[in-house]
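Below is one structure, written out as structure tokens; the observations come after it.
FYI, it's all coordinate maths here, none of it is from the lab. Computed from a prediction, not measured in an experiment: that's the story for all the values here. In this analysis, Cβ positions are derived from the backbone assuming ideal geometry, glycine residues included, and neighbour counts consider all displayed protein chains.
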Amino acid sequence: MHKCNVLVVDDDEELVNAVKELLERKGYEVNTAFSGKEAIEKMSSFPQICAALLDLVMPMMDGFTLLDKVKENHPETNAIIITGHGTVPNAVEAIKRGAMDFITKPFDKDLLLKKLEVIKKTHELENRITELKGLLSEKYGFEQIISSSRVMGSVFEKATAAARTDASVFIVGETGTGKELLAKAIHLKSDRSNQPFIAVNCAAIPKELMESELFGYKKGSFTGAMKDHDGLFMAANMGTIFLDEIGEMPRDLQVKILRVLEEHKIRPIGYTSEIQVNIRIIAASNRSIEQLKNTYLREDLFFRLAVVVIELPPLRERREDIPLLTQYFITKFNEKYSRNIKGVTEGVFTSLYRYHFPGNIRELENLIEGIIAISPPEKETITEKDLKTHLLWQETKPSEHTLLSLEKLERFALGQALRESKGNKSKASEILGISRDTLYRKLKQFGME
């Protein structure tokens, strides 16, 4: 959730610095400007400003003119006019032009803080509503996960039962099977559904930054710590944190996660005392349970996380869902690309049933999107010919997909991830569910650097 950042605009440098110091002590992030022109530039650079304190009388551009520009370009920003020339007409004019409030110099510090507190709470509420609408609009409930297979029915039953409790959940499944989707569904069906859901890909965070990102830090605790930083555990407080690819987490940090599970406490870097938190942890990995337990996770952490274990089947074990998923993705990408694809030929399903889908549902989704994205507007049916340029194997060699070497599969997966991420290696490693170090090693191994 975005913090309430405040912009202070006044040509009186001493006043600006005093207000900045006051607000920073109260936990606000503050930007300053000493003219209307500078204020406009700052607002373009820092779009998350929720409140602007504007001096009425400034050279070149007065507060009213600046207010007009702020409301025109940043209507979500709440403006408070501050001036030593406080008259009733000025106050009325400020409100007419869209200011939230009006305060006179010398102003009462407590009064200013109260006004900002109202803005801050409104900002937080609006952000929370937006977040919840986003979750609901993406339809993360169990009933909206596309499936009619018996094996997924068992998954839903177990996940629904887990959602009724506060127990830790460990989701195991290959890359692309929908682990985060299931984690969100569990969160939305739980008593924490109106609280934050924070997803963290442990494989995508550099090891040297992982502790500060998860637990936060105190200003001055290390070089570059210019201000206090709430970590992701604090952001998820009262809600759910989803630790994806937790097997990539360093062992020394696993000890700290264990303490969160056992004591419900965290200690940000630089703090001398611990902070109590109330968080549900859902973890996930694309590795097998045996690999996790014996190689990648501390045994005590594994058993703490694996109170409820849910194994998501790969797409090749739930082939009966392929028609439903295919139609869902056709509808989705018809809307995105303004196309009118109505369905597929029978031969398409025959080919899809025979395909191994190493990338699972994500690969099927990318396949359908790729076909629809480049299809002519008049096209109505996806054919077998469309598949041949997108799939790993050709129809003329029906058994080839079962004979691909591991090296070929890895090369293909690496290439697909780099194309999907447009060459961004951090994003590619996140898509593949591996660490960046592993990605670089594989690229070097296959000469794909």
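Some notes on this structure:
- Antiparallel bridges, percent of DSSP beta bridges restricted to the chain (to nearest 5): 10 percent
- Above-threshold pairs, the threshold being 23 Å between Cα atoms, out of Lys385/Lys427; Lys256/Lys444; Lys105/Lys227; Lys218/Lys256; Lys207/Lys425; Lys26/Lys109: Lys385/Lys427; Lys256/Lys444; Lys105/Lys227
- Gyration tensor over the Cα atoms of segment 5-128: the corresponding equivalent ellipsoid has semi-axes (square roots of 5 times the eigenvalues, largest first) of 19, 16, 15 Å.
- In percent, rounded to a whole number, the relative contact order of segment 5-128 is 21, using alpha-carbon pairs under 8 Å and six or more apart.
- Using just its DSSP H runs of length 4 or more, each adding -39500 (n - 2.57), the chain gives a mean residue ellipticity at 222 nm of -14000 deg cm²/dmol after division by all residues.
- The residues Ile198, Ile95, when put in order of fewest to most other Cβ atoms within 10 Å, stand as Ile95, Ile198.
- Spacing of the modelled spin labels on Glu274 and Glu117, each 7 Å from Cα toward Cβ, amounts to 3.1 nm.
- Per-residue 3J(HN,Hα) values for segment 269-280, derived from phi via the Karplus relation 6.51 cos²θ - 1.76 cosθ + 1.60 with θ = phi - 60°, read 4, x, 8, 9, 10, 8, 10, 6, 10, 10, 9, 9 Hz in sequence order (x marks Gly and Pro).
- Antiparallel content of DSSP bridges confined to segment 174-321, in %, to 5: 30 percent
- Unmatched cysteines, the chain - criterion: no other Cβ of a Cys under 4.7 angstrom: Cys202
- Alpha-carbon Debye profile of segment 141-238, log10 I(q)/I(0) at 0.12, 0.13, 0.19, 0.21 Å⁻¹: -0.52, -0.59, -0.98, -1.11
- Cβ-based exposure ranking for Thr104, Thr381, in which fewest neighbours within 10 Å come first: Thr381, Thr104
- Legend: P(r) of segment 189-327 from all alpha carbon pair distances, 10 Å bins from 0, whole percents, reading 11, 37, 32, 14, 5, 1.
- Among Gly231, Gly359, Gly415, residue whose mean-square fluctuation peaks in a GNM of the chain (springs only between Cα atoms under 10 Å): Gly415
- Label-to-label distance, nm, for residues given as Met238 and His390 (7 Å Cα→Cβ offset): 4.4 nm
- Using the alpha carbons alone, the radius of gyration of segment 316-445 stands to its Kirkwood radius in an Rg to Rh ratio of 0.98.
- Histogram of C-alpha separations across the chain, 20 Å bin width, %: 20, 44, 30, 6, 0
- Placed amide H near Glu311: partners under 5 Å, 5+ positions off or other chain: Val172
- Normalised by the number of residues in the chain, the mean separation of alpha-carbon contacts (under 8 Å, six or more apart) gives a relative contact order of 12 percent.
- Aspartates and glutamates with Cα under 17 Å of Lys71, excluding same-chain neighbours fewer than 8 positions away: Glu38, Glu41, Asp55, Asp62, Glu93, Asp101
- Fully extended contour minus Cα-Cα distance, from Tyr353 to Thr295, at 0.36 nm per residue: 17.4 nm
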